[in-house]
2 protein chains.
Amino acid sequence: MQPSQNESKVYIEIVKQLRLIISKEALKPGDKIPSERELSERLNVGRSSVREALRALELLGLIETRRGEGTFIRDFHGNQLVQLLGTFVLQDQKAIKDVLETRHSIEMDCIRLVIKRCNDSHFTKLRALLQFQRVNDEQIFYEIALLSDNHLVMRIWQILNDYVKALEIKQEMKNKSLYTELIDAIVSRNEKSALLIYKTLRNLSFD
Amino acid sequence: MQPSQNESKVYIEIVKQLRLIISKEALKPGDKIPSERELSERLNVGRSSVREALRALELLGLIETRRGEGTFIRDFHGNQLVQLLGTFVLQDQKAIKDVLETRHSIEMDCIRLVIKRCNDSHFTKLRALLQFQRVNDEQIFYEIALLSDNHLVMRIWQILNDYVKALEIKQEMKNKSLYTELIDAIVSRNEKSALLIYKTLRNLSFD
DNA sequence: AAATATCAGTGGTCAGACCACAAATAATCA
DNA sequence: TGATTATTTGTGGTCTGACCACTGATATTT
């Protein structure tokens, strides 16, 4: 396969061709794409070049490979792109203050989203969580982030949460009643109140 | 190099190791990373595996390779990535919705942060922007994100913005006056008003 | 001193060889 | 026959070694 025009790399060409194949054969998420060896033959390139293209797409989360079976198209969800970018961004960005602040923003966004779209039936699990004795801060906000029903926001929250954990800034769970209040406020769709309680929970100022 | 624990793939391990190397040697964007052959030796893996890792990172826009010279860390604004996601991901409606919604949340977070911490002197550039005839939506929000003074939030906004651009959902700039109002509201620290204007700008509902 | 030729290092690509694994198939046994 | 067990086939995973093309530094020549 010729690198089209200005000598772009073979593996990039393969990615493009693959897109055409997927389009032409109307392959959907879950479907199997041609094997590495077949692609290698069909496109007249080395198998290693095919693999470079596939590995790149895999890291993007666009395909999934299963040894012994083949390579399959994946739907956009579950991709690790955000995760990856996150770790790369965070590695040199040690501004703890930024991390914490961003997490606060995201958590408040989650609360807003949950209030905006959830009906009462969604809250059963959240309420149930509070019953457990050993429930912790992370579990509760994990559920809230989940209820935001936005996969991307969920991912971002997870990254931030992981990082905060890595910093060993543990979130104590001293005032269990505050969490109850928070959830009550969310359930009753009182955004203002919910955010106020949240800020109390995180010891934030109220500006 | 052993795939850590549950037999994850070698190239993934290489990505992780590479991250460590970058961190340990304090490499910055523009710096050169070890050559493929050296990495192959240092990590006890085949060069082809190293290449799989590097190609993936390249497609993500995290590194840049120059034949005959070497591989360099990039200030990650991957154009490749943008293109690719645009063509591959367009199918998934929920993902698109999530991207847009997340961007909205982050942009509103930016507005809140800016209001919280900026003094008037910070706004000169923002005001100046509006003077230009051909100023566009992206430039304005870039400035706002910058003024948030939170590097992490800024990065996240950039990623999301790239996503949106990749989706070819262009942000028109029809009501220039609205942007003026927005900035005025921010400058006068009127959060409620600013967010309201923002929602108008983005055609969001007002719940 | 300047222009040129050479050389070492680097990424780009290919081919072939194994290995590990999974599913389909064939052979075997009850 | 029907179920179990080997075998085969196809697939991804990895390594090695070989070239090529290009860059930049070095050595050589003019």
(request) Quote the accessible area belonging to B:Tyr142 in square angstrom, nearest 10, computed with a 1.4 Å probe and with ligands, DNA and RNA left uncounted. (result) 90
(request) Convert each backbone phi in the stretch A:10-22 into a coupling constant with the Karplus relation 6.51 cos²θ - 1.76 cosθ + 1.60 (shift: θ = phi - 60°), then list the ³J(HN,Hα) values in order as whole Hz, x for Gly and Pro. (result) 4, 5, 5, 4, 4, 4, 5, 4, 4, 4, 4, 4, 4
(message) On a 25 Å Cα-Cα criterion, which of the cross-link pairs A:Lys32/A:Lys125; B:Lys28/B:Lys165; A:Lys97/B:Lys28 come out too long?
(response) A:Lys32/A:Lys125; B:Lys28/B:Lys165
(request) For A:His104, B:His151, give the ranking by accessible area with the largest first, probe 1.4 Å. (result) B:His151, A:His104
(request) Give the shape of the stretch A:10-73 as rounded, prolate or oblate, defined through the alpha-carbon gyration tensor: a ≥ b ≥ c are the square roots of its eigenvalues, a/c under 1.5 means rounded, and otherwise the shape is prolate if a/b is larger than b/c and oblate if not. (result) rounded
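The values are calculated or read from the model by the stated rules, or taken from the named source; none is laboratory data. Everything numeric in this text was worked out from a predicted model, so none of it was measured. With ligands, DNA and RNA removed, areas are computed over all heavy atoms of the protein, side chains included. Shrake-Rupley method; radii C 1.70, N 1.55, O 1.52, S 1.80 Å.
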